[in-house]
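Where a number appears in this text, it was derived from the coordinates with a stated rule and is not lab data. The structure displayed is predicted, hence computed values, not measured ones. Positions of Cβ are generated from backbone atoms using ideal geometry, with glycine treated the same way; all protein chains shown enter the neighbour counts.
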Amino acid sequence: MPLILCTLLFFAPFDDPTPEEESAAQLAKVRRIYVDILTGGDEALKIRDLLMTSLQSSKQFIITEDEEKADATLKGSGDDQVFTDTFQASDGINAHSQIGGGSTASTRNYASSSSNRNVGMSIGENESRRTEERKHEAIATVRLVSKDGDVIWSATAESLGGKFMGASADVADKIAKRLVTDYKAAKGSSKPAPATN
């Protein structure tokens, strides 16, 4: 009888984890992160440094400069642009009116009569506005890649800058907070359920 039971258990179908569950399980195991050079030029290098600082400040990960020691690598791209947004508008009201008239009469006895009326009116108002506003916008798209090459987490963040931080710092902070939130959720879901008596 035990042999039949073991055979049935051996051939019983196993529930394969979904890709989301598998990614969460891999994310829960990440402890050391290497932040790769982001594509996007000099501004992306600044965002990389800010990402490293934000992730280190979260106290959830060890940020390493040695990619070989890392459990996962954060890759992606970033950009930070300063530009001038120009708005131009023009409003105008104009009205014109003209009334004219006239008459002339003459007789042979040298008597003449003349009448002439002219009325004119003109109103005009034009207003033109031009405003220029300096704006600052940053964006970063990142992915966390396991040693096996699987993308286990990804995020995109945009910012026009916050009240107390610039656009790049705000983007890095948003990404770090989202990674920490998802990491904690993955760790919570990967813990075995407590045994019940």
Of all residues in the stretch 47-62 being more than 19 Å from the chain's Cα centre (by Cα) and hydrophobic (A, V, I, L, M, F, W, C), which is surrounded by the fewest Cβ atoms within 10 Å (Cβ to Cβ)?
Ile62
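Return yes when Ala169 is in a helix (DSSP H, G or I), touching a residue at least 60 places away in the same chain (Cβ under 8 Å) and under 13 Å from Leu51 (Cα atoms) and no when it is not.
Judged against the criteria, Ala169 is a match.
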Output for the stretch 32-74, where each listed residue is in a loop (DSSP other than H, G, I, E, B) and touching a strand residue (DSSP E or B) at 6+ places or on another chain (Cβ under 6 Å):
Asp36, Leu38, Gly40, Phe61, Ala70, Asp71
Condition met for Thr86 (over 19 Å from the mean Cα position of the chain (by Cα) and assigned to a strand (DSSP E or B)):
yes
Only residues in the stretch 34-46 that are crowded, with 18+ Cβ neighbours inside 10 Å count as the first member; pair them with residues that are of a type in the set (S, T, N, Q), Cβ under 6 angstrom, at least 6 apart or cross-chain, and list the lot.
Tyr34/Thr64; Tyr34/Thr73; Leu38/Ser77; Gly40/Ser77; Lys46/Ser168
